[in-house]
Each structure stands twice: as structure tokens, then as C-alpha cells.
Amino acid sequence: MSIRKPLLHEKHSQSGADFTDFGGWDMPVSFDSITTEHAAVRDSVGIFDVSHMGEVAVGGPDAAELMNRLTTNDVTALDPGDAQYACILTEDGIIIDDTVVYLRPDGEEYLFVPNAGNDEMMVDRWTDHAATHDLDATVVNQTEDLGMFAVQGPDAVERVQAAAADPLEDVSQFSARETTIDGADCLAARTGYTGEDGFELIFDADDSETIWDAFDDVQPCGLGARDTLRIEAGLLLSGQDFHPEEEPRTPYEARLSFVVDSSKPFFAGQEALRDADDPDEILVGLELQERGIPRHGYPILHDGERVGHVTSGTMSSTLEVPIALGYVDAECADEGTSLGVEIRDRTAAATIVSHRFLQEHRD
């Protein structure tokens, strides 16, 4: 399969971006240094091209039922213009992907956003389920037709408002409003993946350059900074912090129980989760007391015995300490527990802290 490219690939290349293969897409990993881009988002504002994310539209009389059967949260709780975070599970209760579900402001259609490279799989899953259960719903893959940018940081709302034709400052978290930017229609959603305030803008792919250029004074950022920012915020990465084969985890293991609405009549994986709310292993945050970067797959030790492994790690430029996400045996998962991370030929001392590193730092 040939690698996919965002519509602005050539423009990003001319701007000096370095690229990486992510989920089958050739995406900018950085424009300047990752540290510079990270600091821009934490201190002011940055813009990300996240057009590699999937976009799947679901409409028709049974759209709500179809969405509710295949996601863990309850889409009937959404008012037009609202959004919610949810998981998509196997029948065994294992996370296939996580997603944000939008109910379009006109209330006529759902748009959900699977992670990069998962759009076709999700379209097949939704289409097959609708056919099997005789649901009257349309499922359309709009990934190639839509673009998506994330404008994030403490100055992001003000900056997006300056570019938009409609009031946006009163849009609440996990809500969206239709507007135009330089004449281009877009959905402005108060969502993001950095731990900062901001908007994610969804628009016709043909308008990508128009909307990108409307923010030509904003620091462009790549996937490198997106990764370090999301780790500091304790946000999980599909395919790394959970994966249906390589890192099979339930929402309870991944500390995502808040997106599981067990009161719904049915959703895929619901039955398997009934006895899974007291897992043997659980996600934790780790802060190292020594130098070293805790990388994916590094063993986590307790009294010299392996009790888990790292799934994501970085040197936090905001906190100025090495941090990591990982899974450990539940009996070792209390905050304040002293552990170690095996880094090459040595063990670096570490302490379990809240996996919401940034929030704890600010509190």
C-alpha cells in the first residue's frame, strides 16, 4: 500500500519540515526543533496539521443506535454541536482504538475521528454491523475529503477567534460551532491533544491552504511536539499505550473507565467488561529521579523484580524531569511507590505519580 500524504505535504516540505511515517501517512515530525514547538504550545500557540486523523460520517434514522453499539460512551447524551471521547472495543473488551465523536451542529449526522490508518477498518466495522443488525444508517469515509488542523495553547482561542467570522470564545470544552475562516467553511471544535486549550478545525480538504495560511504567524508544529505534549498531559496514544494485539488493554487497565457507560443496553465488549473493573495491571505515571529517557518497552522493576513495562516516555521540558506512562501490577500501582526503570545496563530510580503530569504540576 502506498503511503498517504496530507494535501499540504509539499508546502510543509518547502517550510523545512522533517517527515515520518505515522499510521501509513508521511507527516511532519518537526518544523523547527521539537523543544521550540513544544514551548510555543505551552507558552503561547502552535498549529498542527493533523489531517492524517480519520473522519467517518454516520447518518440515517439508526445512526445513533449504530454509534452507541460500537462506542463505549452514550451518544444520545450529545446535543447538536457537542462532542465526546469514547473507546471502540473488541467483543473481549479490548481497546481497538479511541475516538472523538461529534454530533454536527445541525443534529443530522455524527462525525467520529479514528486514529491514523484506522479509518478503513472502522468504516468496514460500522458497515458490517449495520448490515448484520439491519440498521438503517449510512457510513461514509471522509478522511480524504476533509482536512484537520489543531490550534493549541493559552493564546489559541484568541488567535482562532481573530481568524473566524463567528463568535467562538463562548464555545465550551467538547463543543463545536460552524464558522468560516477567510471564506472557507469549517467546524471549530474546542478539543485537542496537548493538555492546552484550543480548537481543532475540520474543513474541506481543498481549503487546507486557505486555512493554514490564515495562521501564518503561528508556530507550525509536528508530531514530535504533539507526542511530548500529550505525554505530559497523560493522554494515551493508540497503537502504543494500547493496541489490540501488541498491547491489549481494557479501558479499566488504561484508566479510561470514565468513557464507559455501562447503563447502555448494549455496546460491543460490554459483557466482557462486567468482570474487568478490578484489573491485575493498571496504567501509571512515572517520574524518574535520575538521568535517562524511559523508552517504550523498557522494564519496570520493584525490588529488582519485573512488574511492568513502559509504553511512552520522554524528557519533559515543562517539568524538567524524565517521565513515562506504563503498566504495572496493580499491587504496585499506588502513587508514591518507589520503582525502577531498566535503562540499558542500569536501573534508574522512579516514583509513581499521577499520570496527568501537567495537571499535577499546575495544581
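The values are calculated or read from the model by the stated rules, or taken from the named source; none is laboratory data. Since we're looking at a predicted model, the values are computed, not measured. When we count neighbours, we look across all protein chains shown, and the Cβ atoms used for this are built from the backbone with ideal geometry, even at glycine. Please note that ligands, DNA and RNA were not included when accessible areas were found on the heavy atoms of the full protein model with its side chains. Shrake-Rupley method; radii C 1.70, N 1.55, O 1.52, S 1.80 Å.
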Lone qualifier among Phe22, Phe48 - being open to solvent by less than 10 Å² (accessible area, probe 1.4 Å), in contact (Cβ under 8 Å) with a residue 40 or more places away in the chain, within 26 Å of Leu256 (Cα to Cα) and under 16 Å from the mean Cα position of the chain (by Cα): Phe48
Taking segment 325-336, which residues are in a strand (DSSP E or B) and crowded, with 18+ Cβ neighbours inside 10 Å? Leu325, Gly326, Tyr327, Val328
(1) out of contact with any helix residue (DSSP H, G or I) (no Cβ under 8 Å at 6 or more places or on another chain); (2) crowded, with 21+ Cβ neighbours inside 10 Å; (3) within 11 Å of Ile202 (Cα to Cα): which one isn't true of Arg177, the others all being true? (2)
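Every residue in segment 216-250 that is among the acidic types (Asp, Glu), more than 11 Å from Gly313 (Cα to Cα) and surrounded by 17 or more Cβ atoms within 10 Å (Cβ to Cβ), please.
Glu247, the sole residue that qualifies.
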Out of all the residues in segment 283-324, which are open to solvent by less than 30 Å² (accessible area, probe 1.4 Å), within 19 Å of Ala254 (Cβ to Cβ) and of a type in the set (Ser, Thr, Tyr)? Thr311, Ser312, Thr314
Considering only residues that are more than 14 Å from Val58 (Cβ to Cβ) and among the polar types (S, T, N, Q), look in segment 118-135 and name the one that is surrounded by the fewest Cβ atoms within 10 Å (Cβ to Cβ). Thr132
For segment 97-113, what are the residues that are open to solvent by 20 Å² or more (accessible area, probe 1.4 Å) and of a type in the set (A, V, I, L, M, F, W, C)? Val100
Counting only residues that are under 30 Å from Lys5 (Cβ atoms) and at pLDDT below 95, give me the strands (runs of 3 or more DSSP E) lying completely in segment 61-162 with at least 2 of them. none
